[in-house]
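For reference, the structure is listed below as structure tokens.
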Amino acid sequence: MADEKWQTEITKIGPGEIRVRGYHITDVMEKLSYAETVYLILKGELPSKAEAELMNAILVSSIDHGATPPSVLGTRTVMSGGNSLNAAIAGGVLVIGDTHGGAIEQSARIMQEWVAEHEGDAADTIAAELVDWLKANKRRMPGFGHRLHNVDPRTGKLFEIAERHGYSGKHIQLCKAIESALEKQLGRKLPINVDGAIAAVISDMGFDWRLGKGFFIISRVPGLIAHAYEEKQRERPMRKLGPLPFEYDGPDDREV
């Protein structure tokens with residue numbers, strides 16, 4: 001059993017040799033940015049100039065969003081408990097799920113499936129049908145609206161970079177059309193947030209929607225490291241974190 005082999009096409013290693021997707025690591029170190037290397041290892045090929053700029057913008061856009069997101073609270077709580085840096089970061093990453101950090105994946109899945117199923121239809125037509133479907137099924141469109149931002153500044157910048165390179169494909173077009181269709185249906189604007197914008201961009205870049213959480217994790221980890229380090233350096237151990245105060249509403253006092 002020990003001599004059985006399994007296959008991987010990601011990295012080749014040998015004595016004095018490391019090749020990522022076929023490229024020697026020393027060449028990659030010198031000639032590619034971190035964002036370009038992330039694109040390479042996920043996609044298997046080198047990015048175009050537009051894809052490199054968009055990948056960089058994606059990774060920067062979600063690097064941090066203050067001290068209140070669940071992943072940050074998770075990281076700081078684990079660090080406050082007297083744990084190591086790696087445990088604190090792992091704790092923060094484990095908080096990332098469908099309701100925190102999952103909107104990229106969810107939004108990309110919907111857009112990719114609807115574009116594939118309605119090939120040849122105009123973006124406005126697809127968006128109108130999609131919004132009606134969401135309403136009929138009592139579902140919200142992930143990647144739209146934000147608890148803090150009336151207009152997410154990161155969305156406009158991502159689309160601006162895409163537009164600059166003439167890189168606005170079917171998914172970006174659909175994303176913008178969904179925003180308009182939602183406004184017509186709701187009677188108010190529900191703007192595209194950074195998750196929806198990233199979902200549209202990575203879809204036009206040819207990434208599978210199942211990598212959605214991966215993009216969020218890659219982007220967010222440096223921010224979590226900064227928060228873990230700040231917690232360790234500036235705050236006392238085992239401090240109170242999270243929403244306070246709380247109110248008990250369980251059973252009255254009772255005896256066994």
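The values are calculated or read from the model by the stated rules, or taken from the named source; none is laboratory data. Here the structure is a predicted model, which means the values were calculated and not measured. Every residue, glycine among them, receives a Cβ derived from its backbone with ideal geometry; neighbour counts consider all protein chains shown.
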Restricting attention to the range 24-50, which residues are aromatic (Phe, Trp, Tyr) and buried (at least 17 other Cβ atoms within 10 Å of the Cβ)?
TYR39
Of the conditions (1) out of contact with any Pro (no Cβ under 6 Å at 6 or more places or on another chain); (2) at pLDDT 95 or above, the single one that TRP6 does not satisfy is (2)
Take the conditions more than 20 Å from SER62 (Cα to Cα) and modelled with pLDDT of 95 or more and apply them to SER219. Does it pass?
no
Selection status of PHE246, within 21 Å of LEU73 (Cα to Cα), surrounded by 12 or more Cβ atoms within 10 Å (Cβ to Cβ) and of a type in the set (Phe, Trp, Tyr):
no
On the basis of being farther than 25 Å from GLU160 by Cβ, in contact with a Lys or Arg (Cβ under 6 Å, 6 or more places away or on another chain) and without any contact (Cβ under 8 Å) to a residue 60 or more places away in the chain, does GLY74 make the cut?
no
Could you grab the pairs with beta carbons closer than 9 Å, sequence gap of 6+ or different chains, first residue in the range 92-116 and free of Cβ contacts under 8 Å to residues at least 40 places away in the same chain and over 11 Å from GLY212 (Cβ atoms), second one among the hydroxyl-bearing types (Ser, Thr, Tyr) and part of a helix (DSSP H, G or I)?
LEU94/SER71; VAL95/SER71; VAL95/THR75; HIS100/SER71
Filtering the range 135-166 down to residues that are under 20 Å from the mean Cα position of the chain (by Cα), part of a loop (DSSP other than H, G, I, E, B) and surrounded by 11 or more Cβ atoms within 10 Å (Cβ to Cβ) yields ARG140, MET141, PRO142, GLY143, GLY145, HIS146, HIS149, VAL151, ASP152
Pick from ARG19, ARG109, ARG76: which is modelled with pLDDT of 95 or more, of a type in the set (D, E, K, R) and either within 30 Å of HIS227 (Cα to Cα) or touching a Gly at 6+ places or on another chain (Cβ under 7 Å) (or both)?
ARG76
3 or more residues hydrophobic (A, V, I, L, M, F, W, C), touching a helix residue (DSSP H, G or I) at 6+ places or on another chain (Cβ under 8 Å) and within 19 Å of GLY196 (Cβ to Cβ): qualifying helices (runs of 4 or more DSSP H) within the range 19-112:
49-61
Considering ALA181, ALA200, which residue is within 15 Å of the chain's Cα centre (by Cα), touching a residue at least 12 places away in the same chain (Cβ under 8 Å), buried (at least 20 other Cβ atoms within 10 Å of the Cβ) and outside any strand (DSSP E or B)?
ALA200
Please pick out the residue among ASP121, ASP132 that is over 24 Å from the mean Cα position of the chain (by Cα) and part of a loop (DSSP other than H, G, I, E, B).
ASP121
For the range 233-253, which positions are in contact with a Leu (Cβ under 8 Å, 6 or more places away or on another chain) and over 21 Å from ASP98 (Cα atoms)?
LEU241
Residues of the range 68-86 classified as surrounded by 15 or more Cβ atoms within 10 Å (Cβ to Cβ) and within 17 Å of GLN233 (Cβ to Cβ), total:
9
